[in-house]
1. What is the residue count in region A:262-289 for residues that are closer than 24 Å to B:Val255 by Cβ and of a type in the set (Val, Ile, Thr)?
2. Which condition does B:Asn104 not pass, out of (1) out of contact with any helix residue (DSSP H, G or I) (no Cβ under 8 Å at 6 or more places or on another chain); (2) polar (S, T, N, Q); (3) outside the structural domain of B:Leu309 (by TED's automatic domain parsing), if it passes all the others?
3. Would you be able to say whether some residue in region B:107-125 is basic (Lys, Arg) and more than 7 Å from every other protein chain (Cβ to nearest Cβ)?
4. What is the number of the single condition among (1) in contact with a Pro (Cβ under 8 Å, 6 or more places away or on another chain); (2) away from chain B (no Cβ under 14 Å); (3) more than 26 Å from A:Glu165 (Cβ to Cβ) that A:Lys308 does not meet?
5. Give the number of residues within region A:6-17 that are more than 10 Å from DNA strand D (Cβ to nearest atom) and either buried (at least 17 other Cβ atoms within 10 Å of the Cβ) or at pLDDT 95 or above (or both).
6. Taking the condition more than 16 Å from DNA strand D (Cβ to nearest atom), more than 19 Å from B:Leu116 (Cα to Cα), of a type in the set (D, E, K, R) and modelled with pLDDT of 95 or more, does A:Glu137 pass?
7. Just one of the numbered conditions (1) crowded, with 16+ Cβ neighbours inside 10 Å; (2) within 37 Å of the chain's Cα centre (by Cα); (3) more than 10 Å from chain A (Cβ to nearest Cβ); (4) small (Gly, Ala, Ser) is not true of B:Gly28; which one?
8. Which ones in region B:136-146 are of a type outside the set (Ser, Thr, Tyr), in a helix (DSSP H, G or I) and surrounded by fewer than 16 Cβ atoms within 10 Å (Cβ to Cβ)?
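The values are calculated or read from the model by the stated rules, or taken from the named source; none is laboratory data. Because the structure is predicted, anything quoted here is derived from the model rather than measured. When we count neighbours, we look across all protein chains shown, and the Cβ atoms used for this are built from the backbone with ideal geometry, even at glycine.
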Protein chains: 2
Amino acid sequence: MEKQTITIYDVAREANVSMATVSRVVNGNPNVKPVTRKKVLEVIDRLDYRPNAVARGLASKKTTTVGVIVPDVTNVYFSSLARGIDDIATMYKYNIILANSDQNNQKEVQVLNTLLAKQVDGIIYMGYTISDEMRAEFSRAKTPVVLAGSVDTDEQVGNVNINYEEATNEVIQYFIKKGHQKIAFISGPQSEPINGIYRLNGYKKALKDAGISFDSGLVFETDYSYQSGEKLWGELASAGVTAAFVGDDELAVGVKNGAIDHQVNIPEDFEIISSNNSKLTEMARPKLSSITQPLYDIGAVSMRLLTKLMNKEEVEEKTVILPHSIAYRGTTKD
Amino acid sequence: MEKQTITIYDVAREANVSMATVSRVVNGNPNVKPVTRKKVLEVIDRLDYRPNAVARGLASKKTTTVGVIVPDVTNVYFSSLARGIDDIATMYKYNIILANSDQNNQKEVQVLNTLLAKQVDGIIYMGYTISDEMRAEFSRAKTPVVLAGSVDTDEQVGNVNINYEEATNEVIQYFIKKGHQKIAFISGPQSEPINGIYRLNGYKKALKDAGISFDSGLVFETDYSYQSGEKLWGELASAGVTAAFVGDDELAVGVKNGAIDHQVNIPEDFEIISSNNSKLTEMARPKLSSITQPLYDIGAVSMRLLTKLMNKEEVEEKTVILPHSIAYRGTTKD
DNA sequence: CTGTTAGCGCATTCAC
DNA sequence: GTGAATGCGCTAACAG
């Protein structure tokens, strides 16, 4: 009934060798006489034999697949990282199990468990925060983990990021130099270290260095959605801000549109600098000025780091910081 | 050295039952005395036992994972579909192996093979075209396949789409009713049935019904990139078009921006209707009028259909057409 | 260089 | 209801 799958055993029989030999040629083991190899390959081709990766995984305890946990692939920031991850994964013969977590703690833990049950060789985690539960699971698991575009205050696992504090600091310095006094800090949840610690510190530091006192009324906490940004103009206007740093591109486009929809001239009356330099920044009008993060590279480097970890290679530094800069486009003057 | 993994056997021993019984409770088999079940569950919990999905896969010949082939997750159209797929997959206890193909034939075949090697229970394919090679592989494999947002002229596998021809036809009719005579048809490769056959037919039909002769000079074939759209205005202007149907949102945003960058007034002098209704349409200014496709649902329904196929349930119709409509926003007058 | 022998961890008859 | 025995398809020593 079922289409009978042909196994390594069939190949062995047809080629008059042992299954061990077939296994060797399949795995590129050099200890096979060329003639034998050729014969086996011929049979493999003729029978259209395809090694069963599941059986292989059971026997070798390696599945050549890694788990990727992401809040939402639909967000360009994450899909860009994911793309970098997949490309490098493919390069190293790995596959990716992609799972959306919605930043939901329960879902994350759930996903992590099924990923571990599936014996993934490694895990790449994306998400702005790491709950205590997840951290516990990570350290308990023997499976290597790398955080991509996500920091953890206690850095036990690998992680790849840019220097958020410095980048934000530069943005604010730039705004101050342009004469702005009321600069909004718009970000996702402050509970996330990237926002509540690194970026905010960069923001505060720049203000302090310029002798401007910090005003918590200029800190706007939202979720990361476009809609939240779009609705923000009212508050921004009341606060009298003339410039804004925004921690996410979709959010930034929302902020920009919200302002434009209220007849605000950008960048004349309101300047914006965003954070992710995703392709959205180029698609907006005016184009969004933004911190340039190498999104694809963060993903790629994360995956590369993970391969080393999975391979138990020595890794000098589990924390890698990629370079950033700032691209001045249409939402900033000059 | 290696953290010893605890197996079903350990649980059996600790609970003083056979591994068969443990297997039963793990799989929810009712033939277990409540007391026994409780005892086993207690041990499972105490030992923190987690069934090895790989071993399970080998023994049961089911991996509860499906392969998803996508041109590029970075494109919102596809990531939206992917999101729908993943959600329903999760609901049915499946995981997703996501692989980017770049619409590259060789890569696709390659990916398909490793997916099959990994014994995925089913495959969801996205991509505007299906090469003969892929079609051959599909029909050869006993693994169920569903095309999401992709049509195949010979409909052997499952597929979920909207009626592209009709949708396009409505768009063009609308334009004609508004008095437009030179309406551009901008799409990705014409070699792809969705563009070259369905959409183009809808376009031609509307023209014909209105007594306007078809002018191939108004058909613009590009790739799907934003950049291509942005650069297109020159040609569009020379052709004297006053309205355009565009087959992809990123492309449409490009077309719009290209025009705006040339001081064209939209929608006064140039109207645009796009095709995917992704969140990009809301993020653009003016907002993009667009055919509304239920992207998430196409993914979700595809996955649902796949579960039925994998489950060998009777499926009345392997081809499902989801409803569409048109959302008139800022790039159309009135 | 090649064959034999054991498992990997679990699902699944088939008895009891 | 429960246990013992097989085997899924392949890798990995270990001989030879």
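1. Residues in region A:262-289 being closer than 24 Å to B:Val255 by Cβ and of a type in the set (Val, Ile, Thr): 2 in total.
2. Among (1) out of contact with any helix residue (DSSP H, G or I) (no Cβ under 8 Å at 6 or more places or on another chain); (2) polar (S, T, N, Q); (3) outside the structural domain of B:Leu309 (by TED's automatic domain parsing), B:Asn104 violates only (3).
3. Yes, because at least one residue in region B:107-125 is basic (Lys, Arg) and more than 7 Å from every other protein chain (Cβ to nearest Cβ).
4. Condition not satisfied by A:Lys308: (1).
5. Initially, region A:6-17 is screened for residues more than 10 Å from DNA strand D (Cβ to nearest atom), giving A:13-17.
With either buried (at least 17 other Cβ atoms within 10 Å of the Cβ) or at pLDDT 95 or above (or both) added as a condition, the list becomes A:14-15, A:17.
Qualifying residue count, region A:6-17: 3.
6. Values: more than 16 Å from DNA strand D (Cβ to nearest atom): yes; more than 19 Å from B:Leu116 (Cα to Cα): yes; of a type in the set (D, E, K, R): yes; modelled with pLDDT of 95 or more: no.
So A:Glu137 fails the test.
7. B:Gly28 satisfies all of (1) crowded, with 16+ Cβ neighbours inside 10 Å; (2) within 37 Å of the chain's Cα centre (by Cα); (3) more than 10 Å from chain A (Cβ to nearest Cβ); (4) small (Gly, Ala, Ser) except (1).
8. If we filter region B:136-146 for residues that are of a type outside the set (Ser, Thr, Tyr), which is where we start, we get B:136-138, B:140-142, B:144-146.
From what's left, in a helix (DSSP H, G or I): B:136-138, B:140.
Answer for region B:136-146, where residues must be of a type outside the set (Ser, Thr, Tyr), in a helix (DSSP H, G or I) and surrounded by fewer than 16 Cβ atoms within 10 Å (Cβ to Cβ): B:Ala136, B:Arg140.
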